[in-house]
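The values are calculated or read from the model by the stated rules, or taken from the named source; none is laboratory data. Quick caveat: nothing in here was measured; it's all calculated off a predicted structure. Reconstructed Cβ throughout: ideal geometry from the backbone, glycine too, with neighbour counts over all protein chains shown. These accessible areas exclude ligands, DNA and RNA; they are computed on the full protein's heavy atoms, side chains included. Shrake-Rupley method; radii C 1.70, N 1.55, O 1.52, S 1.80 Å.
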Amino acid sequence: MTRESDMMEEAARVLERLEKAGYAAFFVGGFVRDRVGGREVHDIDLASSAPPEEALALFPGALPTGLKHGTITVRQGGHSFELTTFRKESEYEDYRRPSGVEYVSEVEEDLRRRDFTINAMAMTRQGELIDPFDGAGDLRRGILRAVGDPDLRFREDALRMMRCVRFAANYGLSIDRDTWLALLANARLLRHIAMERVRSELERIVEGPHPAEGLRLLADSRLLRYTKERLGSPFADWTAADLAEPLGRLGSLQPAIRWTVLALALRLSPQETERLWRVLTFPVKEGKRVSSVLALDAYLLREWEGGLASDAEEQACAFRKGALLFGTDAASEWLAAARHWTAGGLRLWQEPELASAERRLIEEGERLLREMPVKRIDELAVGGEDLLAALDQKGGPWLGRTMRRLAEEAACGRLPNERTALIARAVELAARD
Ligand code: ATP
Ligand code: MG
């Protein structure tokens, strides 16, 4: 049995249990949507008329994971299911949270509070669909439509606008005209939404199956101009025209590198990238990962423009020096990004005199990295202590400079990574310093 059908059977047991106790109980939410749309299912949400306390009592070991909203987590046969009491939401506060939750006994009432018709279907354990807003029809026609009055729905909860872009992009749906117009009219309400929530939606868009489409919708809607903390230019105000190439093919890349390509395409500086990633509440190391690639790019450009363009050996060495400075992971990512530009018949670097250098790097870069004798400064066969002892000198800025110089020469294969050779070279450098 597949994991999916196993999970469904266990969930059906939960529903059956609730029904036997006299409650109405259904599959709801993303599960029904993906089931109806013939997509892979990863989790199952359930809803029932049982008040949370009664539901907790019915399932020993259930956890009150979101009691405020009537949600508990039920464990059954090795799977976990979120079970939410049918509810309606009254009076929204702050354009995000309902101020009151009221439990109701009819599933139709519960479906009415849900955001889009495709998310507002319920299914019995026998597979019968309850679909008062024709979500199945919209799914078949490829349309994303708000439940009820879209203007009201976006004003109740402004996060729904980001969800709208995400569902439209990831499911290849076109946004219903009234829903789209309401989104445009309410875009500025996005400032009420926590940056974590915006980032999480943005991540699912950029890392989803159709990132270019998602970015186009973000550009057209101008949503990103109105985030709670300002993202600033150019991140907040790219236009669909900026997104043609190479971002149009973003979906062909591994998710992690898409962010790097995005930053390179928008010509962000490393500092700007770190600021943006911080504002978007990414983990610090994510910002650093992307900004290192941009810093490497700037470094290479400086070195190349400094007159290396004609000398293949010097170019290779500069690339390895860059990898030493910013990390071989950054160097690999830079290569992957440059390949992405090339695959579209473009070049990462616009300067015509750098065309052959870029091409050569793309061809040889991976090998240059793989065969790099010293990939990090701590892979040198000598440490700072050794140099201090051998040169009989006090520490100072010269030490770091010398270590780096040794690492660069060893990385380029111009100096063997052996103790005696390194120390001899350090003595030579010190005499000149
Ligand atoms: P996925 O799990 O793939 O993100 P999903 O539709 O299951 O998709 P969830 O965030 O898990 O999304 O929410 C479950 C269901 O709860 C949705 O299908 C929708 O019916 C409802 N829902 C979630 N967020 C909102 C919201 N902000 N406004 C209205 N309904 C919502
Ligand atoms: Mg879900």
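When the residues of the stretch 359-415 are filtered to those that are acidic (Asp, Glu) and assigned to a loop (DSSP other than H, G, I, E, B), which remaining residue is modelled with the lowest pLDDT?
392
Is at least one residue of the stretch 31-52 over 32 Å from the mean Cα position of the chain (by Cα) and not small (Gly, Ala, Ser)?
Residues of the stretch 31-52 over 32 Å from the mean Cα position of the chain (by Cα): 48-52.
Cutting the leftovers down to not small (Gly, Ala, Ser) gives us 51-52.
Yes, the stretch 31-52 has at least one match.
Can you spot a residue in the stretch 292-302 that is more than 28 Å from the chain's Cα centre (by Cα), on the phi < 0 side of the Ramachandran plot and at pLDDT below 95? Before you say what the answer is, go through the steps one by one.
Of all residues in the stretch 292-302, those more than 28 Å from the chain's Cα centre (by Cα) come to 302.
Right, trim to on the phi < 0 side of the Ramachandran plot and you get 302.
Right, trim to at pLDDT below 95 and you get 302.
Checking the stretch 292-302: at least one residue is more than 28 Å from the chain's Cα centre (by Cα), on the phi < 0 side of the Ramachandran plot and at pLDDT below 95.
Might you check whether a residue that is under 28 Å from the mean Cα position of the chain (by Cα) and of a type in the set (Phe, Trp, Tyr) occurs anywhere in the stretch 329-341? Spell out the reasoning first.
Kept after step one, since they are under 28 Å from the mean Cα position of the chain (by Cα), are these residues of the stretch 329-341: 329-341.
After this cut, where a residue has to be of a type in the set (Phe, Trp, Tyr) as well, the list is 334, 341.
For the stretch 329-341, residues under 28 Å from the mean Cα position of the chain (by Cα) and of a type in the set (Phe, Trp, Tyr): present.
Is it true that residue 395 is surrounded by fewer than 16 Cβ atoms within 10 Å (Cβ to Cβ) and outside the structural domain of residue 314 (by TED's automatic domain parsing)? Talk me through it step by step, then tell me what you get.
Details: surrounded by fewer than 16 Cβ atoms within 10 Å (Cβ to Cβ): yes; outside the structural domain of residue 314 (by TED's automatic domain parsing): yes.
Spelling it out, residue 395 is indeed surrounded by fewer than 16 Cβ atoms within 10 Å (Cβ to Cβ) and outside the structural domain of residue 314 (by TED's automatic domain parsing).
Among the residues of the stretch 333-358, how many are in contact (Cβ under 8 Å) with a residue 12 or more places away in the chain and under 18 Å from residue 266 (Cα atoms)? Can you show your working first?
Going residue by residue through the stretch 333-358, those that are in contact (Cβ under 8 Å) with a residue 12 or more places away in the chain are 333-344, 346, 348-349, 351, 353-354, 356-358.
In the following step, the residues that additionally are under 18 Å from residue 266 (Cα atoms) were identified as 333-342, 344, 346, 348-349, 351.
So the count comes out to 15.
Please pick out the residue among 366, 353 that is under 30 Å from residue 244 (Cα atoms) and open to solvent by less than 90 Å² (accessible area, probe 1.4 Å). Give the derivation first.
On the way: 353 fails: open to solvent by less than 90 Å² (accessible area, probe 1.4 Å).
Only one candidate qualifies: 366.
Do we have residue 365 as within 29 Å of the chain's Cα centre (by Cα) and on the phi > 0 side of the Ramachandran plot here?
Considered against the rule, which asks whether it is within 29 Å of the chain's Cα centre (by Cα) and on the phi > 0 side of the Ramachandran plot, residue 365 comes out as no.
Kindly evaluate residue 62 against the criterion of being farther than 23 Å from residue 129 by Cα and not assigned by TED's automatic domain parsing to the domain that holds residue 173. Talk me through it step by step, then tell me what you get.
Values: farther than 23 Å from residue 129 by Cα: yes; not assigned by TED's automatic domain parsing to the domain that holds residue 173: yes.
So residue 62 passes the test.
What is the residue count in the stretch 44-68 for residues that are within 14 Å of ligand 2 (Cβ to nearest atom), open to solvent by 10 Å² or more (accessible area, probe 1.4 Å) and touching a residue at least 24 places away in the same chain (Cβ under 8 Å)?
Residues that pass the stated criteria total 1.
With respect to residue 33, determine if the residue is surrounded by 19 or more Cβ atoms within 10 Å (Cβ to Cβ) and within 13 Å of ligand 2 (Cβ to nearest atom).
Values: surrounded by 19 or more Cβ atoms within 10 Å (Cβ to Cβ): yes; within 13 Å of ligand 2 (Cβ to nearest atom): yes.
Answer is yes for this residue.
So which residues in the stretch 329-360 are closer than 16 Å to residue 294 by Cβ and hydroxyl-bearing (Ser, Thr, Tyr)?
Of everything in the stretch 329-360, just one residue is closer than 16 Å to residue 294 by Cβ and hydroxyl-bearing (Ser, Thr, Tyr), namely 332.
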